[in-house]
Amino acid sequence: MSFGKNLKEGLFTNNPVLVQLIGMCPTLATTTSVINGVGMGLSATAVLICSNIVISLLRKFIPNKVRIAAYITVIAGFVTMIDLLLQAFIPSLSASLGLFIPLIVVNCIILGRAEAFASKNSVGASAVDGLVMGLGFTFALVVMSVVRELLGAGTIGGGLITVFSQPATIMILPAGGFLTLGFVIAVMQKLLKKGE
Amino acid sequence: MAGKQKNEFVQLGGVLCAITLVVALCLGAVNAITVEPIAKQNQIKTENALAQVMDADSEPIEVAEGTTVKTDKGTDVEIVSAYKMTKDGQDAGYCVEVAPTGFGGGVDTMVGISADGTITGISIISASSETPGLGANSTKPEFQDQFAGQPADGTVAVEKDGGSIVALTGATITSRAVSEGVNAAAKFAAEQG
């Protein structure tokens, strides 16, 4: 399969959030501003690529019966490393994502791809899968956060430009997250149906 | 059969143990690299916060871990650190770092209290456990600037509670927590003499 086709699958036809409907927790929690959404998406992508590569390398070594425990250990290791590196070298991003970074451990996209793809495919293919799925996740987060930030805080780009001053605060609250997610998935389904 | 099963357990445990060991070693290595920059970042944060609330020289006061102060309203507030401030050899008051409990956890706040008993300013170091877009807005200057000039006698409160602090939209709990944090800091400073 060519990379372009892979990319299309990760971003659209098999998007982890909007089509596979996994990784809902970080999707709802971190999309309150575009900066948070992008930061979360890229951090998760980095973890996903690393964990996919390592799990693919170890796929013959890890016994089937303890595979989930082994995957979680590897993923938690990478997440903690990224958390420490962010705190040390990009403190501003670490301050705004703070609580959400450790949550990447339980992001089901990462465990899901380890189980469904990396444990059965070659290292190269797993790395590509990690990249495209990560980008798909980031894409979904960006779409969600643009809508929620614009409507809920009245700004674009993490408070760079103020569009209006009387925003509908509910959109950056959890309820607004569910509303946005529902509408974005609906639009996605419509577009995918059209494309068939 | 029993022997075979035992062997399997040993093998499974061995593999898991090996993976955990390797991951732990990697984590140790990363921690060794990052421990210093992180400590430096935290120190810069504290220094910035001190400079923001009071223009004076600081000297840390020892605060036992887990020290709390009960405010007049009965809220327990944790004291994180405290500094004796001097300017040109004159007593300038205290800076106290408090962590009042907000909506999702401690709101790390530096409070400056002048020698004559007014709040010189506050700086919220971290509000990352508060709701993004609501309580997390407490780090904005529009909110923090209100505290400068308030009396350091334990009466700082949001408008809803009869004070003069305009609470953040949709984040009364965070606003209240910061107000109580300021009161606790004032009380702690008063106890120091």
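The values are calculated or read from the model by the stated rules, or taken from the named source; none is laboratory data. These numbers come from a predicted model, not from an experiment. Please note: Cβ atoms are built from the backbone with ideal geometry, for glycine as well, and neighbour counts cover all protein chains shown. For the accessible areas, the whole protein counts, side chains as well, though only heavy atoms, and no ligand, DNA or RNA atoms are used. Shrake-Rupley method; radii C 1.70, N 1.55, O 1.52, S 1.80 Å.
Is it true that B:E47 is among the acidic types (D, E), in contact (Cβ under 8 Å) with a residue 24 or more places away in the chain and either touching a Ser or Thr at 6+ places or on another chain (Cβ under 8 Å) or part of a helix (DSSP H, G or I) (or both)? It is false that B:E47 is among the acidic types (D, E), in contact (Cβ under 8 Å) with a residue 24 or more places away in the chain and either touching a Ser or Thr at 6+ places or on another chain (Cβ under 8 Å) or part of a helix (DSSP H, G or I) (or both). Just to be sure before I move on: is A:V66 crowded, with 17+ Cβ neighbours inside 10 Å, part of a helix (DSSP H, G or I) and not hydroxyl-bearing (S, T, Y) in the structure I sent? No, not satisfied. When the test is whether a residue is of a type in the set (D, E, K, R), more than 26 Å from B:V63 (Cβ to Cβ) and assigned to a helix (DSSP H, G or I), B:K160 passes it. Residues that are among the hydrophobic types (A, V, I, L, M, F, W, C) and at the interface with chain A (Cβ under 7 Å from one of its Cβ atoms) were ranked within region B:28-44; the one that is nearest to A:T80 (Cα to Cα) is B:V30.
Kindly indicate whether any position in region B:164-182 is touching a Ser or Thr at 6+ places or on another chain (Cβ under 7 Å), aliphatic (A, V, I, L, M), open to solvent by less than 30 Å² (accessible area, probe 1.4 Å) and not in a strand (DSSP E or B). Yes: one or more hits. From the set of residues in region A:1-45 that are among the hydrophobic types (A, V, I, L, M, F, W, C) and outside any helix (DSSP H, G or I), which is farthest from the chain's Cα centre (by Cα)? Looking at residues that are among the hydrophobic types (A, V, I, L, M, F, W, C) and outside any helix (DSSP H, G or I), I get A:M1.
Examine region A:36-48 for a residue that is under 22 Å from A:V142 (Cβ atoms), touching a Lys or Arg at 6+ places or on another chain (Cβ under 6 Å) and open to solvent by less than 10 Å² (accessible area, probe 1.4 Å), and state whether such a residue exists.
Initial filter on region A:36-48 (under 22 Å from A:V142 (Cβ atoms)): A:36-48.
If we keep only those that are touching a Lys or Arg at 6+ places or on another chain (Cβ under 6 Å) too, we end up with none.
There is no residue in region A:36-48 that is under 22 Å from A:V142 (Cβ atoms), touching a Lys or Arg at 6+ places or on another chain (Cβ under 6 Å) and open to solvent by less than 10 Å² (accessible area, probe 1.4 Å).
Scan region B:75-87 and give yes if some residue there is modelled with pLDDT of 85 or more, of a type in the set (K, R) and surrounded by fewer than 17 Cβ atoms within 10 Å (Cβ to Cβ), otherwise no. No, because not a single residue in region B:75-87 is modelled with pLDDT of 85 or more, of a type in the set (K, R) and surrounded by fewer than 17 Cβ atoms within 10 Å (Cβ to Cβ).
Name the one entry in B:T131, B:T120, B:T101, B:T109 that is within 12 Å of another protein chain (Cβ to nearest Cβ), in contact with a strand residue (DSSP E or B) (Cβ under 9 Å, 6 or more places away or on another chain) and crowded, with 17+ Cβ neighbours inside 10 Å.
B:T131
Every test in (1) part of a helix (DSSP H, G or I); (2) surrounded by fewer than 23 Cβ atoms within 10 Å (Cβ to Cβ); (3) in contact (Cβ under 8 Å) with a residue 24 or more places away in the chain is passed by A:T73 save one, and that test is (3). A single entry from A:L84, A:L150 fulfils the requirement of being within 11 Å of another protein chain (Cβ to nearest Cβ) and more than 12 Å from the chain's Cα centre (by Cα): A:L84. Using the structure shown, decide if A:S56 is over 16 Å from A:F137 (Cα atoms), in contact (Cβ under 8 Å) with a residue 40 or more places away in the chain and within 9 Å of chain B (Cβ to nearest Cβ). Criteria not met by A:S56. Among the residues making up region B:63-115, a single one is of a type in the set (D, E), in contact (Cβ under 8 Å) with a residue 12 or more places away in the chain and part of a loop (DSSP other than H, G, I, E, B): B:D72.
Would you be able to say whether some residue in region A:47-58 is modelled with pLDDT of 85 or more and not in a helix (DSSP H, G or I)? Taking every residue of region A:47-58 in turn, at least one turns out to be modelled with pLDDT of 85 or more and not in a helix (DSSP H, G or I).
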